[in-house]
2 protein chains.
Amino acid sequence: MDPSPQLLDRAFFALADPTRRAIIERLAEGPATVGELARPFDMSLPAISKHLTVLERARLIRREREAQRRLCSLEPEGLRPALHWMERAEAFWTESLDRLTGYLSQEQEELSHGTGRNARKKPKGRRKGKV
Amino acid sequence: MDPSPQLLDRAFFALADPTRRAIIERLAEGPATVGELARPFDMSLPAISKHLTVLERARLIRREREAQRRLCSLEPEGLRPALHWMERAEAFWTESLDRLTGYLSQEQEELSHGTGRNARKKPKGRRKGKV
DNA sequence: GGTCTAGTTAACCGAACAGTTAAATAGGAG
DNA sequence: CTCCTATTTAACTGTTCGGTTAACTAGACC
């Protein structure tokens with residue numbers, strides 16, 4: 001079900017660079033050649049080519065020959081794995097935050113009651129649940 | 001509106017590591033100390049501490065002193081910027097893919113109708129590359 | 001053939017990363 | 001105060017990253 005974690009690594013890694021994100025945004029407007037993609041950036045062609053390789057290995061884009069050019073386009077399902085991970089995480093996140101909120105407001109109450117620093121006497125419910 | 005791109009860089013970068021993702025997943029079950037977070041990993045404590053620093057600089061988690069321990073918890077809005085970027089990208093993505101699909105089927109139709117209006121160079125050379 | 005265009009590969013470099021061990025720090029407990 | 005626990009900081013190391021320039025490859029065009 002979960003794709004190979006490496007793919008997730010690569011996808012997130014690929015997205016961690018502003019140039020690569022810009023390339024993706026540009027590609028969302030439609031396929032483009034390497035040269036077209038490179039133009040807006042103040043960077044050598046080989047540098048762009050490397051970025052494309054990173055995106056390609058992350059399965060976010062595809063490059064195919066067309067005459068002497070190479071046409072780059074988004075890989076249809078490319079974003080899915082990463083997006084899926086994030087959405088799942090976000091669900092847990094919110095859930096966790098809800099739990100935490102109860103806990104925080106309790107602490108805040110204690111703080112505003114003038115217990116100075118640390119006042120951390122919350123029942124340390126060490127939950128061990130596995131999901 | 002868009003958060004500083006650096007934050008996006010850091011968030012995606014932080015998520016690009018399986019250890020860090022695992023830490024986040026674990027943290028989604030509730031706050032934990034550094035030691036607790038470290039236990040499941042076959043890695044030194046300082047290494048985990050560094051990962052936590054990365055997550056913290058990406059605003060994905062928070063660390064706060066509690067006696068001599070440090071309690072780590074998810075940062076409430078942490079995932080938002082990255083998630084938002086991805087969702088926006090995904091929208092364009094699909095849109096782009098739709099356009100592309102339409103274009104392709106249109107071309108195919110024209111081909112089968114034999115109308116010479118396809119200003120396209122030539123059909124794809126069946127390239128035998130690796131996939 | 002030669003040349004022009006489009007892009008990649010190779011070799012290199014400094015900076016950042018991911019891990020290590022050893023020492024330092026902060027606070028609780030005896 | 002001393003010791004113990006929890007964690008960070010420091011210093012070091014090998015690897016990867018992101019960029020460069022120079023050389024190579026692939027195909028179009030004359």
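The values are calculated or read from the model by the stated rules, or taken from the named source; none is laboratory data. No experiment lies behind these values; they were computed from the predicted model shown. Neighbour counts are summed over all protein chains in view; Cβ atoms, including those assigned to glycine, are modelled from backbone coordinates with ideal geometry. For accessibility, only protein heavy atoms count, side chains too; no ligands or nucleic acids. Shrake-Rupley method; radii C 1.70, N 1.55, O 1.52, S 1.80 Å.
Within this structure, B:Gly129 fails the test of being at positive phi and at pLDDT below 55. For the stretch B:27-53, filtered to residues that are surrounded by fewer than 16 Cβ atoms within 10 Å (Cβ to Cβ) and within 21 Å of B:Ala82 (Cβ to Cβ), the residue that is farthest from DNA strand C (Cβ to nearest atom) is B:Thr53. Selection of the stretch A:54-100 for residues being within 15 Å of DNA strand C (Cβ to nearest atom), out of contact with any strand residue (DSSP E or B) (no Cβ under 9 Å at 6 or more places or on another chain) and open to solvent by 50 Å² or more (accessible area, probe 1.4 Å) yields A:Arg57, A:Ala67, A:Gln68.
Among the residues of the stretch B:11-22, is any away from DNA strand C (no atom under 14 Å from the Cβ), open to solvent by 40 Å² or more (accessible area, probe 1.4 Å) and within 11 Å of chain A (Cβ to nearest Cβ)? The answer is no; no qualifying residue exists.
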